[in-house]
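Visitor: Have a look at the structure that comes next, please.
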């Protein structure tokens, strides 16, 4: 329970104190009845999502029975128009003790019914006071929203990101080992001084800090109270979140203005970083006069830009309705080639395990697809380090149904264009294929390309990809040159000319010669032996047969013996022997070769 002032000018303090509580005790004086600040306070309580509470009708000793009954009826009429129509109303007098026992019983009963879901998870504390104590150092106080805090814990100050360590924990000026959610606590800190902390900052557990990075904007469902003036899109208001205050600009996604009692999906832009999480509640107050005009709940703590506003609205509506499957499908459709990972859904409040299982279920139903069992993480356009495979399911990327087929088609178009423009060399690097499908993860593209190779539609050579059957065609002039080169290699048999000799003999440029020699190699008509030396395939086959026959007689053969066997020069014999070594036919032993596997 948090005691907050009732006067209008202290509503800001009341908002900070009421944020994060599980139930309320609304105090109404019997001699005053329902006052304007009573109405505003209960509106704030409703906007903050507090579901249960008790009303104490105090100062019963100051009025007679008739006035007390009128005050009770006044409170009942007021509550009947709110979600708290059934809240217990207890008549109390602090002077004569009337109703105190009943009040305690009512509070205990309602407290037992209050939701306590916030108690689990990483610690989260909005700071309301910062001071220094001699012998202790920097101390902060606040109401622990979630989790537990104990001495030795490491916490992150948001939005600054500074890391601090809890030296001590106190509750009601008494040292304790740990404090749990809902408690007022004082924490002695190490690692930060008074200058780095102030009212409005948050202390959160490292896990929460990793999942929810402070932002200047968020998407929310905003509702105006019944007494509020109409708000226009773009209007500036004051936003209260925890103990923090911000100037906020409201941009309604489906309308130009919001009237009293209405609700709208809104993009909220702040004047600074705020440590918001999905499902957080906040209060909106007008700048002048300072009145509570509404509030809302965070739907997306890190909103991304959608290609279509209608899709964005549908996505946020699905989040608000807790329709997680539809939210995943809409996000995957909007992300296109980038796909969706479980981590992308943290900003709308989905836990990693929940997000992964939802995505997997949608894939099982054929509504999403993934490129493989490996984790497919960062997009090629990401500034992060290159992605690596991982077995973590929350890092796998999922795509709208049909996306992988579109990626394969786009890759095929690139390869067809390459084959048409460069029939001599139709192979392209993976990076060139990636340019055709912007934002598609490079690792996922590798998987798609591998599948195309397995299907026989694509050939992979030297780290590049080309259409199956492409690469054997040459332009007419190059085809004529290829014929002349082939004839020259065949005629030379075991002593083909080097590349430089071919340039001179055929009066052709080196680049064209290399092109046709590589095509002849792919056609199976030539074999490359060195950087500037090719043999005709028929010559290599004959040289292999002669080598096998010689080794059948001699068991082992020297370079000089093989040179003489072929009647060629030393370099050519050496080049042929190295080809057969690479093939696994022969094995070098000192200055001789033997058949591999022979002892």
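Yes or no, residue by residue, for (1) closer than 28 Å to residue 201 by Cβ; (2) modelled with pLDDT of 90 or more; (3) touching a helix residue (DSSP H, G or I) at 6+ places or on another chain (Cβ under 6 Å); (4) not in a loop (DSSP other than H, G, I, E, B):
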{"residue": "46", "(1), (2), (3), (4)": "yes, yes, no, yes"}
{"residue": "61", "(1), (2), (3), (4)": "no, yes, no, yes"}
{"residue": "66", "(1), (2), (3), (4)": "no, yes, no, yes"}
{"residue": "69", "(1), (2), (3), (4)": "no, yes, no, yes"}
{"residue": "79", "(1), (2), (3), (4)": "no, yes, no, yes"}
{"residue": "85", "(1), (2), (3), (4)": "no, yes, yes, no"}
{"residue": "94", "(1), (2), (3), (4)": "no, yes, no, no"}
{"residue": "108", "(1), (2), (3), (4)": "no, yes, no, yes"}
{"residue": "115", "(1), (2), (3), (4)": "yes, no, no, no"}
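Visitor: Now for a separate question. Which of the residues spanning region 120-154 are farther than 22 Å from residue 17 by Cα and buried (at least 18 other Cβ atoms within 10 Å of the Cβ)?
Guide: Hit for region 120-154 is 153, nothing else.
Visitor: Filter region 131-156 down to the residues that are in a loop (DSSP other than H, G, I, E, B) and either without any contact (Cβ under 8 Å) to a residue 12 or more places away in the chain or touching a helix residue (DSSP H, G or I) at 6+ places or on another chain (Cβ under 8 Å) (or both), then identify the one that is nearest to residue 14 (Cα to Cα).
Guide: The selected residue is 145.
Visitor: Can you tell me which of (1) in contact (Cβ under 8 Å) with a residue 60 or more places away in the chain; (2) buried (at least 19 other Cβ atoms within 10 Å of the Cβ) is the one residue 452 doesn't meet?
Guide: The single condition residue 452 does not satisfy is (1).
Visitor: Please find, among 540, 516, 527, the residue that is in contact with a helix residue (DSSP H, G or I) (Cβ under 6 Å, 6 or more places away or on another chain) and in a helix (DSSP H, G or I).
Guide: Unique residue meeting the criteria: 516.
Visitor: Could you list, in sequence order, the residues of region 460-477 that are surrounded by fewer than 17 Cβ atoms within 10 Å (Cβ to Cβ) and in contact with a helix residue (DSSP H, G or I) (Cβ under 7 Å, 6 or more places away or on another chain)?
Guide: 460, 472
Visitor: Any chance region 400-420 includes a residue that's part of a strand (DSSP E or B), under 22 Å from the mean Cα position of the chain (by Cα) and modelled with pLDDT of 85 or more?
Guide: Yes, that holds for at least one residue.
Visitor: Restricting to region 424-449, name every residue that is over 20 Å from residue 405 (Cβ atoms), out of contact with any strand residue (DSSP E or B) (no Cβ under 7 Å at 6 or more places or on another chain) and crowded, with 18+ Cβ neighbours inside 10 Å.
Guide: Within region 424-449, 424, 425 qualify.
Visitor: Can you tell me which residue among 33, 49, 53 is in the same structural domain as residue 111 (by TED's automatic domain parsing), surrounded by fewer than 20 Cβ atoms within 10 Å (Cβ to Cβ) and closer than 24 Å to residue 281 by Cβ?
Guide: One residue alone meets the criteria, 49.
Visitor: Tell me whether region 357-368 contains one or more residues that are assigned to a loop (DSSP other than H, G, I, E, B) and either modelled with pLDDT under 95 or surrounded by fewer than 14 Cβ atoms within 10 Å (Cβ to Cβ) (or both). Even if it seems obvious, please write down each step before you answer.
Guide: Within region 357-368, the first condition is being assigned to a loop (DSSP other than H, G, I, E, B), and the residues that meet it are 365-367.
Imposing the further condition that a residue be either modelled with pLDDT under 95 or surrounded by fewer than 14 Cβ atoms within 10 Å (Cβ to Cβ) (or both) reduces the set to 365-366.
Yes, region 357-368 contains at least one residue that is assigned to a loop (DSSP other than H, G, I, E, B) and either modelled with pLDDT under 95 or surrounded by fewer than 14 Cβ atoms within 10 Å (Cβ to Cβ) (or both).
Visitor: Also: Using the structure shown, decide if residue 474 is closer than 30 Å to residue 459 by Cα and part of a helix (DSSP H, G or I).
Guide: Working: closer than 30 Å to residue 459 by Cα: yes; part of a helix (DSSP H, G or I): no.
No.
Visitor: If you don't mind, another one. Every residue in region 295-338 that is touching a helix residue (DSSP H, G or I) at 6+ places or on another chain (Cβ under 7 Å) and not in a helix (DSSP H, G or I), please.
Guide: Answer for region 295-338, where residues must be touching a helix residue (DSSP H, G or I) at 6+ places or on another chain (Cβ under 7 Å) and not in a helix (DSSP H, G or I): 295, 299, 300, 301, 302, 306, 307.
Visitor: Quick check on my filter: what residues within region 339-350 are surrounded by 24 or more Cβ atoms within 10 Å (Cβ to Cβ), assigned to a helix (DSSP H, G or I) and in contact (Cβ under 8 Å) with a residue 24 or more places away in the chain?
Guide: 342, 347, 348
Visitor: Further question: Residues that are closer than 21 Å to residue 18 by Cα and touching a residue at least 12 places away in the same chain (Cβ under 8 Å): find the strands (runs of 3 or more DSSP E) completely inside region 172-254 holding 1 or more of those.
Guide: In region 172-254, 178-180, 184-190, 202-204, 215-224, 236-241, 244-252 are the strands (runs of 3 or more DSSP E) which contain 1 or more residues that are closer than 21 Å to residue 18 by Cα and touching a residue at least 12 places away in the same chain (Cβ under 8 Å).
Visitor: Name the residues in region 498-531 that are within 17 Å of residue 466 (Cβ to Cβ), surrounded by fewer than 16 Cβ atoms within 10 Å (Cβ to Cβ) and in contact with a strand residue (DSSP E or B) (Cβ under 8 Å, 6 or more places away or on another chain), would you?
Guide: 521
Visitor: A further question follows. If a residue has to be surrounded by fewer than 20 Cβ atoms within 10 Å (Cβ to Cβ) and in a strand (DSSP E or B) to count, how many in region 271-294 make the cut?
Guide: Qualifying residue count, region 271-294: 3.
Visitor: Hey, does region 488-500 have a residue that's assigned by TED's automatic domain parsing to the domain that holds residue 539 and without any contact (Cβ under 8 Å) to a residue 12 or more places away in the chain?
Guide: Taking every residue of region 488-500 in turn, at least one turns out to be assigned by TED's automatic domain parsing to the domain that holds residue 539 and without any contact (Cβ under 8 Å) to a residue 12 or more places away in the chain.
The values are calculated or read from the model by the stated rules, or taken from the named source; none is laboratory data. Since the structure is predicted, the reported quantities are computational estimates derived from the model, not experimental observations. Because the Cβ atoms are built from the backbone with ideal geometry, glycine has one as well, and the counts that use them run over all protein chains shown.
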